[in-house]
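As structure tokens, the structure follows; a few thoughts come after it.
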Amino acid sequence: GERGLSSLGGMRNLLREAAKEREGARSRSLAGLCFLSAEPTHSELDENRECGRCRIDWGRSGPVCGHCVLEDTLEAHELSLVSFRRAKRIEEFSALATLAPGGDPLLNAHSSRAGGGVQIGDNAGATRNNQGTAFMDDVPATQLLRLLLRCVTQHARTGRPLGPLALLAAEGAADLLLLEAARRELRWARAQWMAHADLLSRLDELNSATLALRLATSAELSAGLSADEARYIVIPSELPAKRAEHAAEREDAERELEAAVGQLRYLKTVAAEQTADTELRTVRRGNFKSVASAAAQSIKGGGGRG
């Protein structure tokens, strides 16, 4: 409060409390990221598939999955480091900014819902809480710290002794370095979170592609099919159309596979030719060196006899 900022000791306590809050948010974020696995379990995939937040665009209404809970944790971590001059969440970025090579992972972690934009992870709901960096600013404690350091710098230029301000300034400069490192760490944390979101989406697509279809029963027809059931349950009257649809998809897939296999064979042939050419050049270079060395020895020997 105002009373706590009436002295340098109160200011130091305020900055320490802010640092303690940041460290707690960081620990929770890292703990959640360490829990992510490159091989998600079936229960994690099922939970994510039915999540009412990140899968809401697919008609799901289940409990919030652990991956979305981790997103809330990362957002709390972000809000301990930065604030936003706008209360409105910024969710729209151009495709150019999203796909810029070597771009900021924090920017690349945000989706674009604008026309012609690119949505990362094929998952509209999963980026609900992400915010842009256009209106990003320091949290009040960091703003106070920067103001203090500017005042100390101006005071030092006068040549007067700093007194207890010197210690506080040194601590503040170290805190600013930690803050910059924490922001960079958060960018990569969001990138890792988004990579895991992509993994879950791809695995869900793979499971959907391998899901066996079956005919609807009389009870299901009378009760009606949900959006999820309609993915793998076929109404008898639609069977001929479904057969034709899947036959066409199979033909397209076979053509794509044949083209990919042909390209792979070509690349293997090119690689083998390059390897053989490199080996031939090595052999020729070795032979040339042997001949040149023998010729040099012969010339040297002939000169000695003359």
Considering only residues of region 51-84 that are small (Gly, Ala, Ser) and touching a residue at least 40 places away in the same chain (Cβ under 8 Å), which is nearest to ASP198 (Cα to Cα)? GLY59
Criterion (aromatic (Phe, Trp, Tyr), in contact (Cβ under 8 Å) with a residue 40 or more places away in the chain and either touching a Leu at 6+ places or on another chain (Cβ under 8 Å) or not in a helix (DSSP H, G or I) (or both)) met by exactly one of TRP188, TRP193: TRP193
In the set LEU168, LEU145, LEU179, LEU149, the lone residue that is open to solvent by less than 50 Å² (accessible area, probe 1.4 Å), in a helix (DSSP H, G or I) and modelled with pLDDT of 85 or more is LEU179
Please work out if TRP188 is open to solvent by 30 Å² or more (accessible area, probe 1.4 Å), closer than 30 Å to CYS51 by Cβ, at pLDDT 80 or above and not charged (D, E, K, R). yes
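Yes or no, residue by residue, for (1) modelled with pLDDT of 90 or more; (2) among the polar types (S, T, N, Q); (3) open to solvent by 20 Å² or more (accessible area, probe 1.4 Å); (4) closer than 25 Å to LEU144 by Cα:
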site: ARG49; (1), (2), (3), (4): no, no, yes, no
site: CYS54; (1), (2), (3), (4): no, no, no, no
site: TRP58; (1), (2), (3), (4): no, no, yes, no
site: SER61; (1), (2), (3), (4): no, yes, yes, no
site: LEU70; (1), (2), (3), (4): yes, no, no, no
site: LEU79; (1), (2), (3), (4): no, no, yes, yes
site: VAL82; (1), (2), (3), (4): no, no, no, yes
site: ARG86; (1), (2), (3), (4): no, no, yes, yes
site: ILE90; (1), (2), (3), (4): no, no, yes, no
State whether the residues of region 111-118 include one that is among the aliphatic types (A, V, I, L, M), at pLDDT below 50 and in contact with a Ser or Thr (Cβ under 8 Å, 6 or more places away or on another chain). yes
Return only the number of the condition from (1) part of a helix (DSSP H, G or I); (2) open to solvent by less than 80 Å² (accessible area, probe 1.4 Å) that GLY159 does not satisfy. (1)
In this structure, does SER37 turn out to be within 15 Å of LEU200 (Cβ to Cβ) and not hydrophobic (A, V, I, L, M, F, W, C)? yes
The condition of being loosely packed, with under 11 Cβ neighbours inside 10 Å, at positive phi and more than 27 Å from the chain's Cα centre (by Cα) holds, among GLY262, GLY224, only for GLY224
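The values are calculated or read from the model by the stated rules, or taken from the named source; none is laboratory data. Note that the structure is a prediction, hence the values are computed from the model and not measured. Cβ coordinates were reconstructed from backbone atoms using ideal geometry, including for glycine residues, and neighbour counts include every protein chain displayed. Just the protein is used for accessible areas: all its heavy atoms, side chains included, with ligands, DNA and RNA removed. Shrake-Rupley method; radii C 1.70, N 1.55, O 1.52, S 1.80 Å.
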